[in-house]
Amino acid sequence: HERMARLRVTARPRQNQADDDGESIADIVHSPEELDEILNEEDGHQEEDEDENGDEDDESIADGQQARMRHERDELADRMMRNPVGDGSTKFYTNQNTLYLLHCLKHDREMLSDDAIDAFAAVGHGEEELSPHAKKQQDKERRRIARNLLSGDECPVKLELITGKRFLSYLLSLRNAKNNTRLSASSYQSKRSGLFHLFRSFRVPQPPTLKEDLKSAMKGLKRTVAREKQRGDGRIEVGKEPMSFALYKFLATKFLEMSGSDGFFGWCFLVLSWNLACRSSNTCILQLKHFRWIEDCFAIFFAHQKNDQGGAKKHPRHIYPNPLEPVICPLLALTMYLLLFGHILSENGSLFPGNDQYIRFSKLLKRTIDLHRDTIISMGHDPEFIGVHSIRKGAATYASSGSTSGPSGAAVNLRVGWTLGNTQDLYIWYEAAGDQYCGRVLSGLPLSSHKFAIIGPRFFLNESVTQNIVSYAVKTCFVKGPANFEAILMHGLATCLFHYDFLCGALSNNHRVLSCALFKNNFNVLRGNIKAGLPWNEEFQSMHCTGIPPHVLLLAKMQAVIETYDRATETLVNRMVQEFDNRTMNGVLSETRIRELFRDEIRAIREEIQIVRTAQQDQMEHQQEEADNSSAFRTHVYLTAGKLRRVPEGWDFPKGTCAVMWMLWLCPDTVKQISAMRFFDPKDVDHLRRGKNKISELKYLMLKFEKSAQGQGLWCENFTPQRANETYSSVFEAVTAEVKDSRKRRLGTLSWQSTVNLLKKIDRKKKAEAESDSDSDSQ
């Protein structure tokens with residue numbers, strides 16, 4: 001069976017051909033000699049893997065490998081010659097030309113080749129009466145035939161018969177299906193581009209007269225469309241509406257407030273797309289290895305863009321944290337997303353793994369817009385024309401026109417990824433300062449305030465908070481990731497702790513992220529040593545700040561003058577009051593003396609509070625030392641639902657990925673003082689809905705994890721959060737290895753219960769196969 005499976009993989013496709021009797025023979029043909037050669041070649045590969053010192057007379061195998069590699073290179077070269085554009089553009093042009101073929105089939109059959117007419121005849125001529133369902137199926141089959149014809153070797157259209165008038169007639173026949181108006185000028189231009197691609201893909205030069213005729217036709221058509229729009233026929237705007245900054249903040253808030261995992265995905269995708277101002281296709285394929293922390297921001301590199309097909313413009317796009325508006329802070333959105341989906345760091349691949357991430361976000365955006373339709377209309381937007389592309393339009397508009405003192409047009413064009421024309425592209429080059437300015441503007445910092453120069457939250461080290469303590473906290477909260485992410489995660493953790501109260505207020509009580517280590521450990525000491533400030537503040541003067549325009553420095557100086565004036569005025573008034581009070585006679589208490597008595601009393605109260613706070617701090621440090629032991633709080637019980645249990649009143653069964661449950665299984669919740677879940681009994685959760693079933697399912701999953709950890713030598717009795725994160729990747733890969741199949745599953749994003757269902761399905765399948773084998777052996 002394995003040899004035949006390998007045979008199907010290595011089988012060589014051949015063109016359909018007819019034998020002497022005219023009958024069709026198979027696409028894949030192997031003689032007995034070829035069969036033995038292929039199978040022996042595959043067996044030879046396996047022997048090489050098992051024994052490095054095997055026979056060295058494998059020249060035939062090497063020749064076969066080289067032949068296949070040469071054949072693959074030739075096929076790739078042929079495809080590149082046929083389609084010099086990207087896959088997305090090729091698909092777009094194919095769709096445009098499919099419409100043209102169907103138009104010719106219905107209205108101008110003289111334009112089609114004989115082979116194309118015969119291919120379409122197989123599904124009917126379109127003149128017979130059909131039911132609506134049958135008509136729909138026929139149209140679907142015709143589109144499939146048209147796409148196959150366009151990908152063939154022979155052009156299905158007689159290109160020599162195309163004239164400007166003929167193609168203009170086709171364009172005039174197209175109407176908007178919703179309101180029966182003409183298409184936009186850009187839509188007509190896309191049809192013209194599709195025709196150009198048709199000539200190019202079949203290597204047929206366009207006649208010069210056709211180029212001139214089409215140029216004149218397009219000018220006349222655009223003029224006609226503009227006049228009709230002026231008369232009220234159709235929309236004046238073209239395509240999607242640009243997303244306003246207010247709508248961007250509103251959608252980011254709604255994504256953050258969602259209780260499911262899709263909310264954090266949408267939040268991170270939206271905020272990064274806005275700050276990058278890039279095409280959504282670039283956001284979908286962001287790679288972790290392309291991130292880097294630079295000075296006071298993180299940067300993302302693109303190796304390929306629509307306006308840079310050769311990858312020559314490998315310039316970073318700088319993205320800045322926004323401590324003033326946490327809901328649109330890109331560093332906070334990225335960090336919380338990685339906190340919830342920690343496996344992404346261990347895989348060191350795509351930031352948004354899986355197929356069709358664009359469709360996933362598009363559907364999520366549409367659902368959110370439909371849910372808040374009235375609010376969006378009140379903002380001045382038409383929900384029908386708000387889509388994924390609105391993000392890039394809105395970001396570009398906000399960066400270039402959001403303020404009269406915004407970045408230069410050239411800097412915005414380079415950031416967004418637009419071409420400037422041959423001459424401008426030659427003389428206007430990228431500089432970091434322009435892109436850094438764009439980054440601060442897009443992050444939502446107030447451009448007309450001195451706070452535009454604010455630096456994001458960061459740890460300030462001292463005797464109580466050392467670099468080792470910070471590193472330990474990072475490893476406690478995040479799965480081990482690539483080296484280039486260490487600085488990003490450190491600043492990201494500082495941002496999360498800085499906005500800890502905001503997150504606790506914005507997230508629902510049953511949100512999956514609340515089960516992560518950030519909310520299960522006590523980081524109060526670290527939170528007290530995190531600051532965000534301005535470059536001219538004493539703590540930040542030694543730091544190099546980027547992306548600050550000169551006018552912000554002038555605003556800062558004006559603010560300093562205002563504060564100095566306020567202090568001087570207050571001091572003058574206080575001195576005058578003091579002088580008047582000191583002149584009071586006959587032993588009457590003056591206002592100044594009363595204030596001094598109050599100050600002395602307040603000072604004494606503060607000293608007492610400081611003593612109590614020091615005692616509490618010592619107790620917290622003692623509890624933190626206990627928390628390092630995975631057996632901490634094992635004996636803690638609460639009176640819950642009339643019984644003593646290990647969980648307090650209001651506790652609910654955690655939701656989240658396997659990474660979250662692995663942490664909770666091994667480590668205690670030091671905030672709520674709950675023991676690690678591996679010490680739970682069914683009676684601890686029997687008051688919850690399906691509590692016993694859930695603890696049983698979790699035990700089934702975690703025992704597999706424990707067995708894998710023991711097999712790899714990673715198990716220990718006392719797990720710390722850091723060690724749990726370090727071992728998770730290896731254990732998870734081993735346990736879910738059997739789950740991976742032909743489908744490209746996002747296993748790390750699945751809930752732990754979904755993972756349990758997949759593993760149980762595999763166990764049932766193995767059991768059935770074992771019973772079948774035992775029955776066959778007995779027979």
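The values are calculated or read from the model by the stated rules, or taken from the named source; none is laboratory data. All of these numbers come straight from a predicted model, not from anything done at the bench. Positions of Cβ are generated from backbone atoms using ideal geometry, with glycine treated the same way; all protein chains shown enter the neighbour counts. We work out accessible area using only protein heavy atoms, side chains counted, and drop any ligands, DNA or RNA first. Shrake-Rupley method; radii C 1.70, N 1.55, O 1.52, S 1.80 Å.
Quick notes on this one:
- In the range 153-185, the residues that are open to solvent by 60 Å² or more (accessible area, probe 1.4 Å) and either in a helix (DSSP H, G or I) or among the acidic types (Asp, Glu) (or both): 153, 154, 160, 165, 166, 169, 172
The rows are residues; the columns are (1) in contact with a Lys or Arg (Cβ under 8 Å, 6 or more places away or on another chain); (2) closer than 18 Å to residue 393 by Cα; (3) modelled with pLDDT under 80; (4) not in a loop (DSSP other than H, G, I, E, B).
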position: 406; (1), (2), (3), (4): no, yes, no, no
position: 411; (1), (2), (3), (4): no, yes, no, yes
position: 425; (1), (2), (3), (4): no, no, yes, yes
position: 430; (1), (2), (3), (4): yes, no, yes, no
position: 440; (1), (2), (3), (4): no, yes, no, yes
position: 448; (1), (2), (3), (4): no, no, no, no
position: 451; (1), (2), (3), (4): no, no, no, yes
position: 457; (1), (2), (3), (4): yes, no, no, yes
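- Close pairs (8 angstrom Cβ cut-off, 6 or more residues apart or separate chains): closer than 16 Å to residue 415 by Cα in the range 382-394, of a type in the set (D, E, K, R) and open to solvent by less than 10 Å² (accessible area, probe 1.4 Å) anywhere: none
- Scanning the range 274-293 turns up one or more residues that are in contact with a helix residue (DSSP H, G or I) (Cβ under 7 Å, 6 or more places away or on another chain), of a type in the set (Ser, Thr, Tyr) and at pLDDT below 90.
- Every pair of residues 6+ apart whose Cβ atoms lie under 9 Å, when the first sits in the range 447-472 and is without any contact (Cβ under 8 Å) to a residue 12 or more places away in the chain while the second is in a strand (DSSP E or B): 467/459
- Considering (1) farther than 27 Å from residue 321 by Cβ; (2) modelled with pLDDT under 90, the lone condition that residue 400 does not fulfil carries the number (1).
- Looking across the range 642-659, just one residue is within 21 Å of the chain's Cα centre (by Cα) and open to solvent by 10 Å² or more (accessible area, probe 1.4 Å), and that is 659.
- Given (1) open to solvent by less than 40 Å² (accessible area, probe 1.4 Å); (2) more than 26 Å from residue 532 (Cα to Cα); (3) not in a helix (DSSP H, G or I), index of the condition residue 444 fails: (2)
- Annotation note: of 678, 764, the sole residue that is among the basic types (Lys, Arg), open to solvent by 30 Å² or more (accessible area, probe 1.4 Å) and touching a Ser or Thr at 6+ places or on another chain (Cβ under 9 Å) is 678.
- All positions within the range 669-703 that are at pLDDT 90 or above and under 31 Å from the mean Cα position of the chain (by Cα): 694, 697, 698, 701, 702
Matching residues to (1) more than 27 Å from residue 412 (Cβ to Cβ); (2) in a helix (DSSP H, G or I); (3) at pLDDT 95 or above:
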position	(1), (2), (3)
314	no, no, no
323	no, no, yes
327	no, yes, yes
332	no, yes, yes
353	yes, no, no
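- Among the residues making up the range 199-245, none is exposed (fewer than 13 other Cβ atoms within 10 Å of the Cβ), of a type in the set (A, V, I, L, M, F, W, C) and farther than 26 Å from residue 176 by Cβ.
- When 749, 736 are checked against the criterion of being touching a strand residue (DSSP E or B) at 6+ places or on another chain (Cβ under 8 Å), surrounded by 17 or more Cβ atoms within 10 Å (Cβ to Cβ) and either of a type outside the set (Asp, Glu) or free of Cβ contacts under 8 Å to residues at least 60 places away in the same chain (or both), 749 stands alone in meeting it.
- Any pair with Cβ under 9 angstrom, 6 or more apart, that starts in the range 199-223 at a residue that is under 12 Å from residue 162 (Cα atoms) and ends at one that is open to solvent by less than 50 Å² (accessible area, probe 1.4 Å) and charged (D, E, K, R): 214/192
- Here residue 560 meets each of (1) surrounded by 13 or more Cβ atoms within 10 Å (Cβ to Cβ); (2) of a type in the set (A, V, I, L, M, F, W, C); (3) part of a helix (DSSP H, G or I) with one exception, condition (1).
- Hits in the range 334-370 - residues which are open to solvent by less than 10 Å² (accessible area, probe 1.4 Å) and among the small types (Gly, Ala, Ser): 342
- When 683, 699, 692 are checked against the criterion of being without any contact (Cβ under 8 Å) to a residue 60 or more places away in the chain and touching an Asp or Glu at 6+ places or on another chain (Cβ under 7 Å), a single residue qualifies: 692.
- Residue 150 being crowded, with 17+ Cβ neighbours inside 10 Å, modelled with pLDDT of 85 or more and out of contact with any Gly (no Cβ under 9 Å at 6 or more places or on another chain): yes
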